[in-house]
Structure formats: structure tokens, C-alpha cells
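See structure below.
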């Protein structure tokens, strides 16, 4: 593939970068040789994506490129750019055909609508219960609309993705969009059931008083609750939530006089996990195998996430990003049980701004790696 790409001009190589990178080259191409551009392209994108882009662009090697014949085209009459009707009249004169202004206007509107539908920018507008409207600021990943729709209709949502890909941040965004309070619990194997059901604690009078957990409060009064790292929780503890998430209510014997807890219409339950609840693997060793009955509560609302490249492109140093993506690609190709997260790239960018060199960043990342592992992914 490298020999094929070398046959193209440098301008064509840069055009391929722009097509695959939302219109941006992503590095200082003026000081980079064509051969280096080719190597960077191969390290960043798959061969399949590159071939598809070449086909879309209709690119041909330099040796095959031939100058286009010069053809004389009619000269359009000069028109004022501020007068659309005059422009249409000139277009009629130029083409010798009748041009209907309404048809042209509709054609333009259709093209704009089509462009918006294909745009990678996610546009979210939420009508909150109090009548206010919410429009998120900054970056919103493409899966947010899917997640928000599921939350709006009351589904329990399971976000599954690698470490540091933004699952917890997404849960915060859902709460903000819906205008509801947010709470979470970090699940561990030692998490007690009282973390979910609440506590009986002595009051000032000496009598024991029931203190509700955040889960009970959100469930009963409305809000967004997140079970973070849910696949690290003790499955027996999580059995408590099965009744709550499936039946719309559960019972708390310790809460005398009000043992029944009913699910509020504005309660949203999310869970974040690195696995699909199937137990530990070589990458995520501290994970539990979750009960199938628990997983079924989240089945229709399961969303698979990956690292958000559009976000990384905006906030990560370009040279660091090129290295990060190439390393991540080789980790996948060689099936190494390693992770290069968005979190690391963000932290490394801060260090680079503080004066840390690229070589120092790489050395930090590879701490603890075996020599054979490192040799498989070094760029």
C-alpha cells in the first residue's frame, strides 16, 4: 500500500487526510516530506478507509495524471451579488432556459437540509418539564441523542465502553439536559446493600431513624442515578435493584409506616461498565459476572461507546494525537490487553503545554510494559 501511495502527489495525500479528518490535515504538512506524510497516513487510518477515500476523490498517480483540455465557457453577465432576482435573470440568459425562482429556492433548501442531516455536529434541543429549553454547549458526541431518547422514555441505560472514554461525563450531560438532579455510586465488590437501600442510624433522641440513600431519593422523587463501574459490583448486592427496575416499586421493611417505594416518572437509571457483564478478561481483571436478570433490565437501553475521535481532535495536541491514534490502532491489531484512553491524551496534552517533551510522554505511557509488548506498538 505504501508504494501505491508514494505514486500520488503530496497534494493528493493531503486531500486524503482532509477527507478522513473532517477537512483538516492535522499536522504541519508544509515541513513534512511526502514519504513522511504517507507513513503518517498509514499509521493513522486503515488501508480499507484509505482505498475508499482514493475512490471517492477519483485520485490518480502523478504519472497517470494528464492536463485537462482547456475549454471555452460562456461568460456570465455581471450581476449585483445583492440582487438574487437579477442573478436568476442572468442565469436564464446564460442557459437559454426558463428558471423558476421558487424551484431554485426549494432546491437550495433541500440541499441545506441534506447537508445538515449528514453533518457530524449533533444538535440537541430538549424541552424540560418546567418549560425551559436546553441546548448543550461545547462538544456533544453522536451517541448522546440515542442515550437521551432512551432516558426520555424511561429506559434503563447501560453504557459499555473502554476506560476513559467519557461514560460518566455522558451521564452528567443527560441529567443536565433533562434538568434533573444527579447522583451516583461507585460499585465495588465490597459495596453493601445499604448503599442502595439506606441506613438505620441513631438520632439525637437515641431512637433509630431511617436515612435514605441517594438511590432511594432519586427513585422516589425523580432524578438521574448512575451505577458507575457496575461490572465491578457484587452481583448479589445488585439483585436488590432487579425488583426496582422491573416492577416500578420495591419495599423497605426498615422504613416503618412507608415501606413501599414507588418509581417516580422522572427517574432515570444509568449504569457504566467496561464489559457486558460477562466477567473478567485480560484487560479488565477486576470485573464480576453479572446476573442475567440484572442485565435484562438494561437490554433495550444498552449503548456501545468507543473513544470519541471528534472530541480528541479538538482538545489533544496534534502530534500527540497522531501518535496516540497510531498506537491505539496497533494495540488493537496485535490484540494487546492495553488501553490508551482519552483521559491519558488529555492529561498528556496538559503536560506538553507545561513543557514535557513528546519522548517523555511516550516513556511515561510505556512504564510497566514488557519489551515485546512495546516493540509491537512503537511508532
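The values are calculated or read from the model by the stated rules, or taken from the named source; none is laboratory data. All values reported here derive from a predicted model rather than from experimental measurement. Glycine also receives a Cβ, built like all others from the backbone with ideal geometry; neighbour counts cover every protein chain displayed.
Some observations on this one:
- The residues listed here are 309, 370, 350, 376; of these, the one that is over 24 Å from residue 183 (Cβ atoms), surrounded by fewer than 18 Cβ atoms within 10 Å (Cβ to Cβ), modelled with pLDDT of 95 or more and out of contact with any strand residue (DSSP E or B) (no Cβ under 7 Å at 6 or more places or on another chain) is 350.
- Restricted to helices (runs of 4 or more DSSP H) entirely inside the range 179-276, those with at least 2 residues that are farther than 23 Å from residue 291 by Cα and out of contact with any helix residue (DSSP H, G or I) (no Cβ under 6 Å at 6 or more places or on another chain) are 214-221.
- For the range 340-359, filtering for residues that are farther than 20 Å from residue 312 by Cβ and part of a helix (DSSP H, G or I) leaves 1.
- Test: residue in the range 313-328 that is part of a helix (DSSP H, G or I), without any contact (Cβ under 8 Å) to a residue 12 or more places away in the chain and surrounded by 12 or more Cβ atoms within 10 Å (Cβ to Cβ): no
- Condition check for residue 175: touching a residue at least 40 places away in the same chain (Cβ under 8 Å), assigned to a helix (DSSP H, G or I) and in contact with a strand residue (DSSP E or B) (Cβ under 8 Å, 6 or more places away or on another chain): yes
- Taking the numbered list (1) assigned to a helix (DSSP H, G or I); (2) closer than 18 Å to residue 307 by Cβ; (3) in contact (Cβ under 8 Å) with a residue 60 or more places away in the chain in turn, residue 169 passes all entries but (3).
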